[in-house]
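Visitor: Got a structure for you, written out below as structure tokens; questions coming shortly.
The values are calculated or read from the model by the stated rules, or taken from the named source; none is laboratory data. As the structure is a computational prediction, the values presented were derived from the model and not from experiment. For neighbour counting, all protein chains shown are included, and Cβ atoms are generated from backbone atoms with ideal geometry for every residue, glycine included.
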Amino acid sequence: MQHQLNLRNPLVFFDLETTGINISKDRIVELSFVKALPNGTVEVKTKKINPEVPIPLETSLIHGIYDEDVKDAPTFKSIAKTLVQFLEGCDLAGFNVLRFDVPMLVEEFLRAGVEFEVNKRKIVDAQRIFHMMEPRNLSAAYKFYCEKSLENAHSAEADTLATFEVLNAQVQRYAGVEMKNEKGEMYQPVQNDMNVLHELTSQKIVDFAGRMVFNDKGIEVFNFGKHKGVPVVDVFKKEPNYYEWMMQGDFPLDTKRRLTEIKLRSSKLMK
């Protein structure tokens, strides 16, 4: 395997599979490194890691790595020093690495008590380049789906008509196209059915400001502050003044309306 990159230092592309997306709590279960050397050669290393905690089933269904697969694998701490040596003098690269993979890797090294300095390394994120060079705005969508240039972009009528054409084209292009869902099951995400498209594109928010959202069980929970992730009705029970604080605070009227609806509903249930 060869490459055409102009390198001064070895450039290590890497990707991590983990137990979840919480950088402070979750652990690495697999890591893969592709080291591109200045002489044009490439070295590949992939290794499963025992995270020393159970892998949630919903996560295993996504990346296909189960507890049984890593029970005899080395822990990150046991390979940390060897890994640092492998990465010595190397710059780093990946896809969306700045948001997740780099912070997760640094966290694992810190837990292992092994020094891993990133400040002096160059970090290249291919996702940033992708988003910069291939915009995901309405003009780009109109060009991609309708093969037309959007004239008078940002005029209300032109944008609205373009969006109308884009959705029409999307429904036709993706009719019958299958993908895997989070459980690994095949399904057709885009269908010419507004109920299906609503479920596909709508966010699970309670109020438009997103101060409250529905959790996996369909229960309204707060999405900010000290009670983030806690059911709204539970907060009202434990801290009744929280409702008054929000009603008097600088929150949108829609948020206050939804908050009041939940409080009235919970009051009726307690009677």
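Visitor: Would you check which residues across the stretch 77-106 are among the hydrophobic types (A, V, I, L, M, F, W, C) and over 17 Å from residue 22 (Cα atoms) and list them?
Guide: Those that are among the hydrophobic types (A, V, I, L, M, F, W, C) and over 17 Å from residue 22 (Cα atoms): 79, 80, 83, 84, 86, 87, 90, 92, 93, 95.
Visitor: If you go through the stretch 13-25 one residue at a time, how many are surrounded by fewer than 19 Cβ atoms within 10 Å (Cβ to Cβ) and not in a strand (DSSP E or B)?
Guide: Qualifying residue count for the region: 6.
Let's see how each residue does on (1) among the hydrophobic types (A, V, I, L, M, F, W, C); (2) in contact with a Phe, Trp or Tyr (Cβ under 7 Å, 6 or more places away or on another chain); (3) at pLDDT below 85; (4) within 30 Å of residue 167 (Cβ to Cβ):
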| residue | (1), (2), (3), (4) |
| --- | --- |
| 199 | no, no, yes, yes |
| 218 | no, no, no, yes |
| 230 | yes, yes, no, no |
| 239 | no, no, no, no |
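Visitor: If you don't mind, there's one more thing I want to ask. Does residue 177 satisfy the criteria of being among the β-branched types (Val, Ile, Thr) and surrounded by 11 or more Cβ atoms within 10 Å (Cβ to Cβ)?
Guide: Answer is no for this residue.
Visitor: Among residues belonging to the stretch 13-45 that are touching an Asp or Glu at 6+ places or on another chain (Cβ under 7 Å) and of a type in the set (Val, Ile, Thr), point out the one that is nearest to residue 70 (Cα to Cα).
Guide: 29
Visitor: Mind checking which pairs have a first residue in the stretch 257-268 that is within 18 Å of residue 245 (Cβ to Cβ) and a second that is not in a helix (DSSP H, G or I), Cβ under 6 Å, 6 or more apart or different chains?
Guide: 258/206; 258/207; 262/220
Visitor: Which of the residues spanning the stretch 17-55 are of a type in the set (A, V, I, L, M), within 20 Å of residue 109 (Cα to Cα) and out of contact with any Ser or Thr (no Cβ under 8 Å at 6 or more places or on another chain)?
Guide: 21, 23, 34
Visitor: Of the residues 131, 198, which is closer than 24 Å to residue 94 by Cα and free of Cβ contacts under 8 Å to residues at least 12 places away in the same chain?
Guide: Being closer than 24 Å to residue 94 by Cα and free of Cβ contacts under 8 Å to residues at least 12 places away in the same chain holds for just one of 131, 198, which is 131.
Visitor: Let me ask something else about it. Please determine, by comparing only the residues of the stretch 107-117 that are out of contact with any Ser or Thr (no Cβ under 8 Å at 6 or more places or on another chain) and acidic (Asp, Glu), which one is nearest to residue 16 (Cα to Cα).
Guide: Filtering the stretch 107-117 for residues out of contact with any Ser or Thr (no Cβ under 8 Å at 6 or more places or on another chain) gives 108-117.
Filter once more, keeping what is acidic (Asp, Glu): 108, 115, 117.
Numbers: 108: 11, 115: 19, 117: 18 Å.
Here the residue is 108.
Visitor: Moving on. Taking the criterion of being surrounded by 13 or more Cβ atoms within 10 Å (Cβ to Cβ) and touching a residue at least 40 places away in the same chain (Cβ under 8 Å), would at least one residue in the stretch 215-223 satisfy it?
Guide: Yes - at least one qualifying residue is present in the stretch 215-223.
Visitor: Just name the residue that is farthest from the chain's Cα centre (by Cα) out of those in the stretch 225-271 that are surrounded by 12 or more Cβ atoms within 10 Å (Cβ to Cβ) and assigned to a loop (DSSP other than H, G, I, E, B).
Guide: The residue in question is 239.
Visitor: With respect to residue 210, is the statement that it is within 22 Å of residue 264 (Cβ to Cβ), loosely packed, with under 15 Cβ neighbours inside 10 Å and modelled with pLDDT of 85 or more true? Give the derivation first.
Guide: Details: within 22 Å of residue 264 (Cβ to Cβ): yes; loosely packed, with under 15 Cβ neighbours inside 10 Å: yes; modelled with pLDDT of 85 or more: yes.
Considered against the rule, which asks whether it is within 22 Å of residue 264 (Cβ to Cβ), loosely packed, with under 15 Cβ neighbours inside 10 Å and modelled with pLDDT of 85 or more, residue 210 comes out as yes.
Visitor: Looking at 152, 168, which one is outside any loop (DSSP other than H, G, I, E, B) and free of Cβ contacts under 8 Å to residues at least 12 places away in the same chain?
Guide: Working: 152 fails: outside any loop (DSSP other than H, G, I, E, B).
Going through 152, 168 in turn, the sole match is 168.
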